[in-house]
Each structure stands twice: as structure tokens, then as C-alpha cells.
1. Around residue 26, which amide H atoms from residues at least 5 apart in sequence, or from another chain, sit under 5 Å from its own amide H, with H modelled in the peptide plane?
2. Is the chain best put as rounded, prolate or oblate by its Cα gyration tensor, with a ≥ b ≥ c the root eigenvalues, rounded for a/c under 1.5, and otherwise prolate when a/b is larger than b/c, oblate when not?
3. How would you order 45-54, 3-12, 19-28 from highest to lowest mean count of nearby Cβ atoms within 10 Å?
Amino acid sequence: MRRSEFERAVEDEFGAAYGAVVTADLGLDALGGRTAAVAIAAGVDPREVWTALCDATDVPPERRYGVGRLEPRS
């Protein structure tokens, strides 16, 4: 997962405004209490951050994998 895919996934799942709040304010136990934004800035793989964010916010499995990717062009 690229950072841009992570950002699209967050916006798709949480919306732009709430996504910004969740990534900036929610400490994630799986990432040592760091927020998603801090973890990404520290170089943690965006897929790992996405998984931790999904676990912390109870995102169902069917909405976790493959999100954030653009549809292939025809």
C-alpha cells in the first residue's frame, strides 16, 4: 500500500474531515500509542498503519483490503 492509497482509504472509510481527525488524534495500541499520522511520518508501512487503524475503529474485514486503489483504466 502506498501512502496515497492509505490516504484514499482513510477518506473513503471515514470521510475527509473525520479521517483527518482520526489519523491525527487516535493513538493506536498496535503502533505503540502513536497516531496514524505520526507513524506514517516515522516511516511505518502504510499497510501496517491502515490495519492498526481498522482494528482500532472496528472497520469490517470486507472494507479493509484493496481499498484506496484506483480502478484500472479501460
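1. 36
2. It is prolate, given that a/c is not under 1.5 and a/b is the larger ratio.
3. Working: 45-54: 19.6, 3-12: 17.2, 19-28: 15.6.
Top to bottom by mean Cβ count within 10 Å: 45-54, 3-12, 19-28.
Any read-out appearing in this document is the output of simple, stated calculations on the displayed coordinates, not a laboratory observation. Quick caveat, the model's predicted, so the values are computed rather than measured. No Cβ is skipped: glycine too gets one built from the backbone with ideal geometry, and neighbour counts run over all protein chains shown.
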